[in-house]
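The values are calculated or read from the model by the stated rules, or taken from the named source; none is laboratory data. If you're wondering where the values come from, they're calculated on a predicted model, not measured in any experiment. Every residue, glycine as well, gets a Cβ built from its backbone with ideal geometry; the counts of neighbours run over all protein chains shown.
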Amino acid sequence: MFFDPLYFILVMPAIIFSMWAQHKVTSSFNRYSQMPTEKGLTGAAAAIEILRQAGVMDVTVERTPGHLTDHFDPRDNVIRLSESVYDSTSVAAVGVAAHEAGHAIQYAEHYAPIKIRTAIIPMTNIGSKLSVPLIFIGLFMGMAGLINLGIALFGMVVLFQLITLPVEFDASRRALATLDGYAMLTVDEVEGSKKVLTAAALTYVGALAVSLAQLLRFLAMRRR
């Protein structure tokens, strides 16, 4: 009962695309990590300057352990930059830092998609933990109610990832516009940062593709 050809037809291609996207972001980051910025701008300095230009003065920038663990924490109003970004003067580091500053600006300006995404995080966390077990328990026991509940919870995960796409693309758009508009990077450096951020965005597209494929598979299993 648990062998399903739809897994190989729908889900596996999405997984392969997602793996390619992960490889793409790693290779792009590594490539542009070797390209220093002409002005010697560090990731931390770029984030601070972008926040200043946007008039966001209550967000701090800190170093955090790990590689590509960069994120904005809205609870503490802190941009945390990884060790490979914080002090680095590379085009890749500045692009990543600018992207996180873009998220901080989104919160400061009450950007609607990021507010919606934040609001559904609790249900998304529940869905990510319980949806698949509920679906397979329901299938095993022949309980349509459990299957439907599991699919509904998994739908929250898909919705979260769907809303994440405009959030991520908008943060990158804000970052690149500021880096270019205030001449923080040269034209070629902005293009390099764009390639890094575009590759990073593909990972979110890949995650959504996998989840959508799984959702279609679960719906087909319910019908059977």
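Residue-level analysis places F17 among those that are within 30 Å of L139 (Cβ to Cβ), assigned to a helix (DSSP H, G or I), in contact (Cβ under 8 Å) with a residue 12 or more places away in the chain and aromatic (F, W, Y). Restricting L159, L139, L197 to residues that are modelled with pLDDT of 95 or more and farther than 22 Å from I48 by Cβ narrows the list to L159.
Candidates A220, A213: the one that is in a helix (DSSP H, G or I), in contact with a Leu (Cβ under 6 Å, 6 or more places away or on another chain) and under 19 Å from Q22 (Cβ atoms) is A213. Out of R31, R52, R80, report the one residue that is basic (K, R) and surrounded by fewer than 14 Cβ atoms within 10 Å (Cβ to Cβ). Among R31, R52, R80, only R52 is basic (K, R) and surrounded by fewer than 14 Cβ atoms within 10 Å (Cβ to Cβ). Restricting segment 1-52 to residues that are farther than 17 Å from L179 by Cβ and in contact with a Lys or Arg (Cβ under 7 Å, 6 or more places away or on another chain) leaves a set whose member that is modelled with the lowest pLDDT is D4. When segment 78-128 is filtered for residues that are of a type in the set (K, R) and either in contact (Cβ under 8 Å) with a residue 24 or more places away in the chain or not in a helix (DSSP H, G or I) (or both), the ones remaining, listed by number, are R80, R117.
Only one of the numbered conditions (1) in contact with a helix residue (DSSP H, G or I) (Cβ under 6 Å, 6 or more places away or on another chain); (2) free of Cβ contacts under 8 Å to residues at least 60 places away in the same chain is not met by V132, and that is (1).
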